[in-house]
1. Scan the range 234-261 for residues that are open to solvent by 30 Å² or more (accessible area, probe 1.4 Å), among the aliphatic types (A, V, I, L, M) and over 20 Å from Gly272 (Cα atoms) and jot them down.
2. At least 1 residues that are open to solvent by 50 Å² or more (accessible area, probe 1.4 Å) and under 21 Å from Asn245 (Cα atoms) in each: list the helices (runs of 4 or more DSSP H) lying fully within the range 129-201 that qualify.
3. Would you point out the residue of the range 7-55, among those that are touching a residue at least 24 places away in the same chain (Cβ under 8 Å) and of a type in the set (Asp, Glu), that is farthest from Gly75 (Cα to Cα)?
4. Just to be sure, is Ile122 crowded, with 22+ Cβ neighbours inside 10 Å, more than 22 Å from Leu18 (Cα to Cα) and β-branched (Val, Ile, Thr)?
Amino acid sequence: MTLSIASVTTAHNAVLLLPRQMEALQRQTRPLQEIIVVDDQSADGTSAMLAERYPQVTVIRTTENLGAAGGWAAGLAYAALERRHDWVWTLDGDSIPADDALEGLLDGGAGLGARGGEVGMIAALPVHWETQISYPPLLWCHGFVKPSAEELQQPIWFADLAFAAGLMARRELVEKIGLPRADFFMDFADFEYCLRARSQGYRIVVVTGVRLAHEVGHARRVRLPGFSGLWPNHAPWREYYIIRNLAYAAWWLYPSHRTKWFVIGHMARHAGGALLFGSNKLACLKKMAQGFLDGRRASLGIRFRPQ
């Protein structure tokens, strides 16, 4: 029996970015049964462009800006629960998969055999295409843990946290654990969803050879003595959600002293990065502090939207 697979792209003002992705999705060596775009209140003609150039694409237009988390939830609800596709492949508006990416993910998951256990998600390796620096999925032990160099060299390995961009989810998983948290709006919603899946016994497979071109916050390369990496230059409102949702997870979802201390240290390091490399330093620091307080108080929901 052939699996039914749909892609879901969350897009906000992506009229210039989406054509490359739509062409890439239509070139997949393993064809998709449905291509879905959640147009999250774009004001640049995204929906009109899709209707004119890609009439075969299903467009879901939200009635308000729901953010990446809300758009992802809406897309999964439609693709997995309403249309009942077996797998849903999630992409951001700027994600560009290789022509054989979907086939590679499916082959990677199928090749596990009995080792796979209850595989609920299959993840690609997001890569900043300009610098070729990857954003590998992570492990979780009272905070973020980077995979070892040995794990990253394996063709297939298991993670606890993966970015939504390039992530495939089984319909059965969505039916069992529900939808992503729309009240997160942006950031950590994918990690929270992964942790929820892991808590229910599902495994997250990473197929290292499948790389997905992906941009994170207009990232640029930064260098310090002994360090070279990418700094995602987020707007202040985005920094609010990054810190708030992580703090909420540490104080309310997975509370422990070690996790809370990790979050405090992570926020301090992130604030230091904003001071060194950010373009709107004071505003970002204020939003981080506000996010930390709101996360500890479990004050969620949509507080700020992109200007």
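1. Leu253
2. Values: elements: 149-153, 171-177, 189-199.
Once the helices (runs of 4 or more DSSP H) in the range 129-201 are filtered for at least 1 residues that are open to solvent by 50 Å² or more (accessible area, probe 1.4 Å) and under 21 Å from Asn245 (Cα atoms), what remains is 189-199.
3. Within the range 7-55, the match that is farthest from Gly75 (Cα to Cα) is Asp44.
4. When the stated conditions are applied, Ile122 passes them.
The values are calculated or read from the model by the stated rules, or taken from the named source; none is laboratory data. Predicted model, so just to flag it, every value in this text is computed and none were measured. Note that each Cβ is placed from the backbone with ideal geometry, even for glycine, and that neighbours are counted across all protein chains shown. SASA here: full protein model, heavy atoms, side chains in, ligands and nucleic acids out. Shrake-Rupley method; radii C 1.70, N 1.55, O 1.52, S 1.80 Å.
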